[in-house]
Amino acid sequence: MKRLITGLILTPLFFWIVALSPDLVFLLALAAVGLICLYEFFGILAARFPDFENLQRNPAGYAAGLFLLILPSHEGLFLTLFALLALVLTLRSRDLAAVLPLAGGLLLGVLYIFGPWRAGVSLRAIGPWWMLFALAINWAGDTFAYYAGRAFGKHKLAPRVSPGKSWEGTIASSLAAMGLGALYLHYLSPATPWTHAIALCFAANAAGQVGDLAESALKRGAGVKDSGDLLPGHGGWLDRVDSSLFSVPVVYWWISQQWFPR
């Protein structure tokens, strides 16, 4: 019930911010969610590497994420410089054996969360309804997977990573995403062949399901159940957007290839 209530409260706000709000409001919302997710990501790693508690309070990682979000160009140079900074920041670690995982985790966290959001800014510049599609395609799929898995799930998808996920839920998620997504794309881009629309829906949903498993692997490896508790019934914000972090770059890349009339 908490999961449903949270969804009903967030959905209208999410729709307005993604599809109708001014660009600055959208950017600020992405930045806010990104900062919360990065904090939760560091919290997951801190459960495995206690020194991450210091990085969780260090503003450098959050500043780097925000900078990546608004950087006009030269992303490669920025990432190179930040990788060097990440290594320098971890030199104060009490355990030098932790320098490598700390530096790697700091760099991964910024790229994992703010990299996809940067792609989201570019995707929304193409059209707000494309960004809405990239986010909603997996949220709809997650809903079908959750209820179909509870009702019919018998065959485990990845028991070591996420024991609650089933092949039945995965198939329901894919079918729902392809059906609902193709219908959405029919109105968004009427000139697009059905085969192209279904292929994009499948790719976006598959990427999102892999993203969900990837975050589950991080949590299981660290011995935590949820990334946070800010969203009743869903866990943390990272738990809510983990699939979108994978699907948004895929949709942006697909659309940027100009395979869809715009």
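The values are calculated or read from the model by the stated rules, or taken from the named source; none is laboratory data. This one's a predicted model, so the numbers in the text were calculated from it and none came from an experiment. All Cβ positions, even for glycine, are placed from backbone atoms using ideal geometry, and neighbour counts span all protein chains on display.
Could you tell me whether any residue of region 180-202 is closer than 26 Å to residue 112 by Cα and touching a residue at least 60 places away in the same chain (Cβ under 8 Å)? Yes. The set of residues in region 149-181 that are over 19 Å from residue 243 (Cα atoms) and in contact with a helix residue (DSSP H, G or I) (Cβ under 7 Å, 6 or more places away or on another chain) comprises 152, 153, 154, 155. On inspection, residue 111 does not qualify as at pLDDT below 90 and either out of contact with any strand residue (DSSP E or B) (no Cβ under 7 Å at 6 or more places or on another chain) or more than 25 Å from residue 134 (Cα to Cα) (or both).
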